[in-house]
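Read the structure below first, then the notes.
Each value in this text was obtained by applying a stated rule to the coordinates, not by laboratory testing. Please read these numbers as outputs of a predicted model, since none were measured by experiment. Here the Cβ positions follow ideal geometry from the backbone for every residue, glycine too, while neighbour counts run over all protein chains shown.
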Amino acid sequence: MWGRKRGVNLVDTPEMDAFFARLDRLNEAQLLAMRAAWLSGDRRTHEDAWKAVRIVGKRDGLTKEIGRVRDRALAWSTRGDDACPYAFRDARPWAQAKMGAAEAITDVALAMALGDRLDEQTHRTLMATWLRVTEGER
């Protein structure tokens, strides 16, 4: 039988679909703020969070699923201008802002996909940029 083995699917869930739909509604300023927040974070804390993600991947047999989440986040960040919700202005700055925020978007996607499999500190670290940018939104 070809294809993925049955089991945990971190990518194709209603929660992840909702997350990527919300990303489509971010504006350039929000994407730039995500990038800035990601760059201003403590490098050591971020490295520790990624170590924790890898540990969860090994422990729970989710290494390939974590890779799929990363791939989907990076695909969103690099796909063409057709995703731009601002059709009446130049989409290039928005596309560039998306690409600049790729690392932050990947962190958030992993935090959402792995949920309570991550310890609280790791989850908080990976979600920090999203929470700063979307604070107060519903």
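Suppose each label sits 7 Å from its Cα in the direction of the beta carbon; what would the residue 59-residue 99 distance come out to in nanometres?
Computed distance between label sites residue 59 and residue 99 equals 3.7 nm.
With a 10 Å Cβ neighbour count serving as the proxy for reagent exposure, in which order, fewest first, do 105, 66, 55 appear? Could the numbers behind the result be given before it?
Values: 105 28, 66 21, 55 13.
Ordered by Cβ neighbours within 10 Å, fewest first: 55, 66, 105.
Per DSSP helix of 4 or more residues, -39500 (n - 2.57); summed, then divided by the residues of the chain. What does that give at 222 nm, rounded to the nearest 500? Can you show the working numbers first?
Numbers: 7 runs with 95 residues, N = 138.
The per-residue figure over the chain is -22000 deg cm²/dmol.
Mind sorting 112, 16, 34 by how few other Cβ atoms lie within 10 Å of their own Cβ, fewest first? Each step should come with its number before you reach the end.
On the way: 112 21, 16 18, 34 28.
Ordered from fewest to most neighbouring Cβ atoms within 10 Å, 112, 16, 34 come out as 16, 112, 34.
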